[in-house]
Amino acid sequence: MSTTACFYIGSATAFNVGLTTRNIGLMMNDDLDLHLVGTAVNELNADVHELFSVYGTAYNSTRVGGMQALHSYLRTHDPDVLTHVVQPPIHGTIGATLGSLYDVPFVYRYSGDRFFEYRVASDLQCIKFFAVNNMLGHLPIALSTKYITLGSAGTDRLVSLFFGPNKREVAELPTPVNLDRFSNVGTESPYGVEGPIAISIGRITDLKGAKFIEATLPRLLTRRPDLHVVFIGSKQDSIDVPPALEHRVSFTGPIAPAAVPRYLTFANVLIHPSLTEGLPRVLLESLASGTPVVARDVGDVSSVTENTFTTADEFLDLVSHFESLPVDDVKKFSTDVLRQRYVDFFSSFA
């Protein structure tokens with residue numbers, strides 16, 4: 001009889017949540033009985049329903065509704081293991097508490113460096129992040145049976161916590177990327193500008209490096225007068241561009257997820273200045289597209305690429321010489337390579 005593994009996503013609908021969930025399903029669907037609990041699963045990729053037995057869609061897509069959905073599921077099902085996909089402090093607390101109530105082993109997935117966020121946040125955010133991540137966020141760690149991190153940096157962060165887990169209880173299972181998604185992207189560039197393109201994909205926030213970009217952008221464009229910089233994603237914090245340089249900087253806003261591979265393929269370099277990370281999917285996707293990356297050395301970024309920086313000067317040197325940057329091998333993060341590690345870990349709960 002196969003292992004039943006339940007994945008909890010609450011009311012989350014972000015594309016990255018759906019993509020991670022789908023890739024997990026692709027890797028383990030043939031070997032395990034996979035259940036997915038979420039209130040808005042119907043808004044995710046249609047093939048998620050083919051990979052998982054879905055529960056919870058009758059409940060409201062709110063945090064409370066997500067908790068009710070999982071509570072209802074556990075009253076009528078007895079999975080061998082329960083875990084969450086994202087939001088370690090909130091979903092981890094809900095899952096670990098209900099798992100403990102119903103005597104179901106819970107696996108805490110440390111998907112981002114949440115215990116470090118308050119140190120790089122603004123004053124108001126700092127208080128919020130510390131309360132949610134560093135106070136509430138310790139509860140699921142105490143209640144969990146085992147732990148997943150995305151790499152060695154995440155493992156070191158977890159085991160160093162006061163009352164953190166033993167290293168033997170932690171499995172390093174990186175974010176999987178499906179390489180098939182990055183083939184056949186077409187031959188027409190989506191940019192419509194001349195010259196090389198540096199691209200940034202993701203929410204534009206101070207925590208994601210907006211202030212750093214604002215400070216370094218004029219120097220970068222002076223050093224590379226042929227470069228055009230394109231920012232893709234919702235603009236939650238501002239990046240002020242000097243008027244004389246505005247014609248060399250574009251803000252597209254969000255784009256359709258299906259268009260991401262084409263934007264990455266036709267870029268010359270991806271820049272990722274985020275102040276805190278786990279293992280950013282966009283780095284893996286850029287490398288899968290054949291585009292080199294330049295990223296701040298935080299979280300498990302160094303497990304993905306050698307092209308990392310900690311200072312503005314290092315960033316400028318790397319991006320200014322993007323033609324000489326290596327495209328790091330991303331195959332070790334592919335669903336094909338990671339499949340057996342995922343299957344072995346979750347099957348161990350049978």
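Taking each residue as 0.36 nm, the span from Lys332 to Asp317 lengthens on full extension beyond its C-alpha to C-alpha distance by 2.6 nm. Averaging the sequence gap over all C-alpha pairs within less than 8 Å and six or more residues apart, then dividing by the number of residues, gives region 132-203 a relative contact order of 27 percent. Annotation for region 157-263: GluC sites (Glu not before Pro) lying in DSSP loop with at most 13 further Cβ atoms inside 10 Å of their Cβ are Glu188, Glu194. For the pair region 265-340 / region 185-241, the C-alpha centres are spaced 15 Å from each other. Using only alpha carbon pairs under 8 Å that are at least six residues apart, calculate the relative contact order of region 180-331 and give it in whole percent. Relative contact order for region 180-331 comes out at 24 percent.
Derived from the Cα gyration tensor, the three semi-axes of the equivalent ellipsoid of region 242-293 are 21, 15, 12 Å, largest first.
Among Met67, Met135, a tally of other beta-carbon atoms within 10 Å of each Cβ gives an order, fewest to most, of Met135, Met67. When +1 charges are put on Lys and Arg Cβ atoms and -1 charges on Asp and Glu Cβ atoms, the dipole computed for the chain relative to its Cα centre reaches about 600 debye. Remark: C-alpha extents of region 120-231 on the principal axes read 55, 41, 20 Å, sorted largest to smallest. Placing +1 on the Cβ of every Lys and Arg and -1 on the Cβ of every Asp and Glu, with no other charges, gives region 180-331 a dipole of roughly 340 debye about its Cα centre. Using the Cβ-Cβ distance between Asp344 and Asn45 with R0 set to 35 Å, the FRET efficiency works out to roughly 0.85.
Counted by neighbouring Cβ atoms within 10 Å, the residues Ser303, Ser111, Ser122 run from fewest to most as Ser122, Ser303, Ser111. Above 15 Å, the calculated P(r) of region 271-350 contains 59 percent of its Cα-Cα pairs. Phi angles of region 337-342 translate, via the Karplus equation with coefficients 6.51, -1.76, 1.60 and θ = phi - 60°, into HN-Hα couplings of 6, 7, 3, 5, 5, 5 Hz per residue; Gly and Pro are given as x. Cα centroid separation, region 48-105 to region 1-40: 11 Å. Applying 1/(1 + (r/R0)^6) with r as the Cβ-Cβ distance of Ile127 and Thr187 and R0 = 51 angstrom yields a FRET efficiency of 0.50. Taking max minus min of the alpha-carbon positions on each principal axis, the chain gives extents of 63, 44, 37 Å, largest first.
Overall shape of region 180-331 was characterised from the C-alpha gyration tensor. The equivalent ellipsoid obtained from it has semi-axes of 21, 19, 15 Å, in decreasing order. The sum of -39500 (n - 2.57) across all DSSP H runs of n ≥ 4, divided by the residue count of the chain, sets its helix-only mean residue ellipticity at 222 nm to -9500 deg cm²/dmol. Pairs with C-alpha atoms separated by more than 24 Å, drawn from the list Lys167/Lys332; Lys208/Lys332; Lys128/Lys332, are Lys208/Lys332; Lys128/Lys332. When the charge dipole of the chain is built from unit charges on Cβ atoms (+1 for Lys and Arg, -1 for Asp and Glu) and taken about the Cα centre, the candidate among Cys126, Leu287, Ala244 whose Cα reaches farthest toward its positive end is Cys126.
Let me know the charge dipole size of region 1-118 about its Cα centre in debye, to the nearest 20, where only the beta-carbon of Lys, Arg (+1) and Asp, Glu (-1) is charged.
400 debye
The mean sequence distance of close C-alpha pairs (under 8 Å, at least 6 residues apart), as a share of the length of the chain, puts its relative contact order at 16 percent.
Here the simple spin-label model places points 7 Å from the Cα toward Cβ, and for Asp103 and Ala215 these points are separated by 5.6 nm. When each of Tyr59, Tyr118 is scored by the number of other beta-carbon atoms lying within 10 Å, the sequence from fewest to most is Tyr118, Tyr59.
Every read-out reported here was derived from the displayed coordinates using simple, explicitly stated rules and does not represent laboratory data. Computed from a predicted model, the values in this text were never measured in an experiment. When we count neighbours, we look across all protein chains shown, and the Cβ atoms used for this are built from the backbone with ideal geometry, even at glycine.
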